[in-house]
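Enquirer: My questions all concern the structure below.
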Amino acid sequence: MEQLNQLEKQRVVLEKKIAELRIQNQNRENRQKAIDSVLEILEKEGVSKIYYIDDRFKPDEIKTSFNSKMKRIKNEVERSEREIDTIEGFNSIEWTAPMPKFESDISDLWENGNKIELYHNICSIIGDDESSNVVPLMEIQKDFEDIVEVFTPDEWQEKEDEILNGLQETTKGLFLFDFEFIKDWKGKRGERNGVDLAKRIVESDKSESVYCGIFSHTFSVEQEDEYRIQYTREYDIEKNSFYTVSKKRYAYDPRLSAFADGVKNIVALRYIENLKEISEKILQKSIDDSFDELKAISPKTFNQIIQKSAREEGTLEVKELFRVFSLMINSNNHQSLIDVEMRRQFNNAVSRIRDIDVDTGYKYSNKDAKAIELRTKEIYFSDEIINQLNIPISNGDVFKIGNKEFILLIQPCNVSLRTNNSQFGKRNYNYNKGHLVPIRKISSGKVSPLTHQVLETTDNSDNEKYCVEFPKFTIVELDILDLAVFNPNGICKIDLNVDEPANELIQSHWKRRYEKLHSIYSNHEKAIIAFNEISDSVADKEKLGLLKPYIKKPYCIKDFNIGNNDVYNKQNRTFDFKMKRTKNYRTPYSTDLLQNFMAYLSRNAFNHDFTI
């Protein structure tokens, strides 16, 4: 039995080593792919050299830093601040040895070991990010030894003019400047950091042959664009002339793909900015043409489109304005591309970017924040827009009740207030019901196409989805939800001390709706007061208790967890339903959701098969 256990342990160890070797081989292959992709990008652009300027290209200084960190670990071990068995990768070191022997041992370790790995490991153990500053300069010489030249800031200034004068259209250079030099360094012309040095070359007459990156450990990959804008302001350097690349792309990625992607960003920058400039011209022309078209509309037609149609349909006038201008913009956007030269410029700019958009193997784990912001705007109207503009409730409105979210599903024609004389401030057929359907995050495997619909959102993942659960819908009175329209924070609340909406910009038919709601809740207030007055005189308290929930909390909200507080506050004369409108799920997404919900409600039922 003991022999079998030993064999099992050996098998587990062997499988672990095989798995580690596979990962190492995969990383080696991916790393070579990344190196090859960098070389391909540079070749396409005629870049023959990488010039790397960093004040840490001094092996003696790196060794000194390594020794200092090792001694710091030794002191922590001797003071019992660190357990010896937690220090992996340094098994040959006797941490409690006398200092002369310890210094001799770490010197031998440095001279005979993998310096990059040793330095990276000791930085990781200590927990600082120094390795992200030093490891890249050690590795870049190894990975790109045939085309890289490295300089300290002083060495660079001695060679700068000679190198720039040697640049041609077919022999361009990729320049990587470390941002932060030693504290007291000062260049020939008063330069203090890498941006100062970079500014000189990107503003030279050789700028077309220069691809420039600020290569630093002081910011993360996510902060690259943020720091590019910051450096632009602080150092008065053209933002289109350089790109910021985090050293963490190099230090913490054994596949090197993140660094390769950073190089691609540097090279592609000028072409992307050119595409943005062309896009700006197209859009600006479209906007100008649309304004001209808007100005040319006759007063009669403008009044019909904006004022009369909005009044007849009970919609916001400004919404009709946006609708019309969107039609103009959309048409003129396409019209502007009929210009053959403009379309050629746009297509050529796209093609130039795609030519260098080679696969580096880099897979960014985090989504781009700006892309998420724009996609969210495409899917949802924010609470700020719908509530502060007093936009009427509509299909797709999302309400937060307690710690849960519900989405309002309702036929748009049913929810619109009418403005004709007989129906002014009312809905057709006095329609006053809506469906609130819960939104819940569930595992992907539990999503049923019959009972769920996945919401469009940037927060969905492969494993979990935000879904609307059709079977758990609840019917709610619009008398409650309409209150959100009158509150800039979207809360379903009414103050009976206020006879009319405080916001004078609210549409007239919605002011009439407020008057109706004020009357409804005033009557309900009277009922509550009357109930409270007679409560003491009723002997049967049990029956009184049966009535209380219907008075204190109307039946239409009994299915929602709004806490134990009564919705009515006698002292303040307010009704607060603890509901808040938080956003609107925009069309066509909300329209599709409503259609599928209606299909769920109208699904057919069949007799079961009694032969089974």
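Enquirer: Contact order normalised by length for the chain, with contacts defined as Cα pairs under 8 Å and 6 or more residues apart; what percent is it? Kindly include the intermediate steps, with their values, before the conclusion.
Expert: On the way: 772 pairs, mean separation 72.9, N = 612.
Answer for the chain is 12 percent.
Enquirer: With a 1.4 Å probe and every protein chain kept in, tell me what percent of the accessible surface of the chain is carbon plus sulfur.
Expert: Carbon and sulfur: 50 percent of the exposed surface of the chain.
Enquirer: Still on this structure, I have one more. Quick one: of LYS247/LYS367; LYS493/LYS570; LYS142/LYS206; LYS183/LYS239, which pairs are farther than 22 Å apart, Cα to Cα? All intermediate terms of the calculation are to be shown ahead of the outcome.
Expert: Working: LYS247/LYS367 20 Å; LYS493/LYS570 14 Å; LYS142/LYS206 28 Å; LYS183/LYS239 25 Å.
The pairs that break the limit, which is 22 Å between Cα atoms, are LYS142/LYS206; LYS183/LYS239.
Enquirer: Next question, about the same structure. What order do you get for 194-203, 491-500, 396-405 when each peptide is scored by the mean count of other beta carbon atoms within 10 Å, highest first?
Expert: Final packing ranking: 194-203, 396-405, 491-500.
Enquirer: For PHE473, PHE406, give the ranking by accessible area with the largest first, probe 1.4 Å.
Expert: Descending accessible area places them as PHE473, PHE406.
Enquirer: Within the set of other residues whose C-beta is less than 11 Å from the C-beta of ASN572, count the net charge using Lys and Arg as +1 and Asp and Glu as -1. Please list the in-between numbers first.
Expert: Working: positive: LYS493, LYS570, ARG573; negative: ASP495, ASP576.
Around ASN572, the charge tally is +1.
Enquirer: Another question, then. With everything on Cα atoms, drop me the angle between helix 224-235 and the longest principal axis of the chain, reported from 0 to 90° to the nearest 10.
Expert: 70
Enquirer: While we're here: With unit charges on the beta carbons (Lys and Arg positive, Asp and Glu negative) and the dipole taken about the Cα centre of the chain, which residue among SER535, LEU409, GLN571 sits farthest to the positive side?
Expert: SER535
Enquirer: While we're on this one: From the phi of every residue in segment 388-397, what ³J(HN,Hα) in whole Hz does the Karplus formula 6.51 cos²θ - 1.76 cosθ + 1.60 yield, where θ is phi - 60° and glycine or proline is x?
Expert: 6, 8, 6, 6, x, 4, 8, 4, x, 5
Enquirer: In whole Hz, with x marking every Gly and Pro, tabulate ³J(HN,Hα) for segment 293-309 from phi via Karplus 6.51 cos²θ - 1.76 cosθ + 1.60, θ = phi - 60°.
Expert: Residue by residue, segment 293-309 yields 5, 5, 5, 7, 5, 5, x, 4, 5, 4, 4, 5, 5, 8, 7, 5, 5 Hz.
Enquirer: Still on this structure, please answer the following. When the chain is fully extended, how far beyond the present Cα-Cα distance does LYS526 get from GLN595, taking 0.36 nm per residue of separation? Write down the numbers at each step before the final one.
Expert: Working: separation 69, 0.36 × 69 = 24.84 nm, distance 4.05 nm.
Length difference between fully extended and current span is 20.8 nm.
Enquirer: Over the chain, average the accessible area per residue using a 1.4 Å probe and give it in Å², no decimals.
Expert: Values: 35150 Å² over 612 residues.
Averaged over the residues of the chain, the accessible area is 57 Å².
Enquirer: If you don't mind, another one. Helix 115-126 versus the longest principal axis of the chain: what angle, 0 to 90°, nearest 10, using Cα atoms?
Expert: Value to nearest ten degrees: 50.
Enquirer: Output the 0 to 90 degree angle, nearest 10, between the alpha-carbon long axis of helix 153-165 and the longest principal axis computed from the alpha carbons of the chain.
Expert: With both axes taken from Cα atoms, the answer is about 90 degrees.
Enquirer: How much length would be gained if the chain were fully extended between VAL318 and VAL340, taking 0.36 nm per residue of separation minus their Cα-Cα distance, in nm to one decimal?
Expert: On the way: separation 22, 0.36 × 22 = 7.92 nm, distance 3.54 nm.
Gain on extension, VAL318 to VAL340, equals 4.4 nm.
Enquirer: Among 296-302, 507-513, 573-579, how do they line up by average Cβ neighbours within 10 Å per residue, starting with the highest?
Expert: Numbers: 296-302: 10.0, 507-513: 18.0, 573-579: 19.9.
Ranked from most to least packed, the peptides come out as 573-579, 507-513, 296-302.
Enquirer: Tell me the mean residue ellipticity at 222 nm calculated for the chain from its helices only (DSSP H runs of n ≥ 4, each -39500 (n - 2.57), averaged over every residue, nearest 500). The partial results should precede the final answer.
Expert: Working: 21 runs with 305 residues, N = 612.
Value at 222 nm, helices only: -16000 deg cm²/dmol.
Enquirer: Pull up all non-local amide H partners of CYS467: gap of 5 or more, or a different chain, and H-to-H distance under 5 Å with H placed in the peptide plane.
Expert: Here the answer is ARG440, LYS441, ILE442, LEU455, since their amide H atoms fall under 5 Å of that of CYS467.
Enquirer: R0 = 45 Å: FRET efficiency of GLN284 with ASP146, Cβ-based, nearest 0.05?
Expert: Step by step, r from the Cβ atoms, then E = 0.45.
Enquirer: Using amide H atoms built 1.01 Å from N in the peptide plane, name the residues 5+ places from TYR243, or on other chains, whose amide H lies under 5 Å from its own.
Expert: Correct list: CYS212, GLY213, ILE214.
Enquirer: Follow-up. For the pair THR458 and ASN274, what calculated FRET efficiency results from E = 1/(1 + (r/R0)^6), where r is the Cβ-Cβ distance and R0 = 25 Å, to the nearest 0.05? Mind dumping the intermediate values first?
Expert: Values: r = 29 Å, r/R0 = 1.16.
Efficiency, rounded to the nearest 0.05: 0.30.
Enquirer: Quick one: Cα convex hull volume of the chain, Å³ per residue?
Expert: In the chain, the Cα hull volume divided by residue count equals 351 Å³.
Enquirer: Run the reach check for LYS400 against aspartates and glutamates, Cα to Cα strictly under 12 Å, same-chain hits fewer than 8 apart removed. What comes back?
Expert: ASP383
Enquirer: Do any GluC sites (Glu not before Pro) in segment 408-513 lie in a DSSP loop with no more than 15 other beta carbon atoms within 10 Å, and if so, which?
Expert: On the way: sites: GLU456, GLU464, GLU469, GLU477, GLU504; in loops: GLU456, GLU504.
Answer by residue number: GLU504.
Enquirer: On a full-extension model of 0.36 nm per residue, what is the gain between ASN67 and ARG189, subtracting their alpha-carbon distance, rounded to one decimal in nm? Before the final figure, lay out the partial values.
Expert: Details: separation 122, 0.36 × 122 = 43.92 nm, distance 3.49 nm.
Length difference between fully extended and current span is 40.4 nm.
Enquirer: Same structure again: What do you get for chymotrypsin sites (Phe, Trp or Tyr not before Pro) in segment 329-395 restricted to DSSP loop and a cutoff of at most 15 other Cβ within 10 Å of the site's Cβ?
Expert: Details: sites: PHE346, TYR362, TYR364, TYR380, PHE381; in loops: TYR362, TYR364.
Answer in residue order: TYR364.
Enquirer: Please list, or write none, the aspartates and glutamates whose alpha carbon is within less than 13 Å of the alpha carbon of LYS441, excluding same-chain residues fewer than 8 places away.
Expert: Straight-distance partners of LYS441: GLU405, GLU456, ASP459, ASP462, GLU464, GLU469.
The values are calculated or read from the model by the stated rules, or taken from the named source; none is laboratory data. This is a predicted model, so every value here is computed, not measured. Glycine gets a Cβ as well: all are built from the backbone with ideal geometry, and neighbour counts include every protein chain shown. When the accessible area is computed, the model is the full protein with side chains, heavy atoms only, and any ligands, DNA or RNA have been set aside. Shrake-Rupley method; radii C 1.70, N 1.55, O 1.52, S 1.80 Å.
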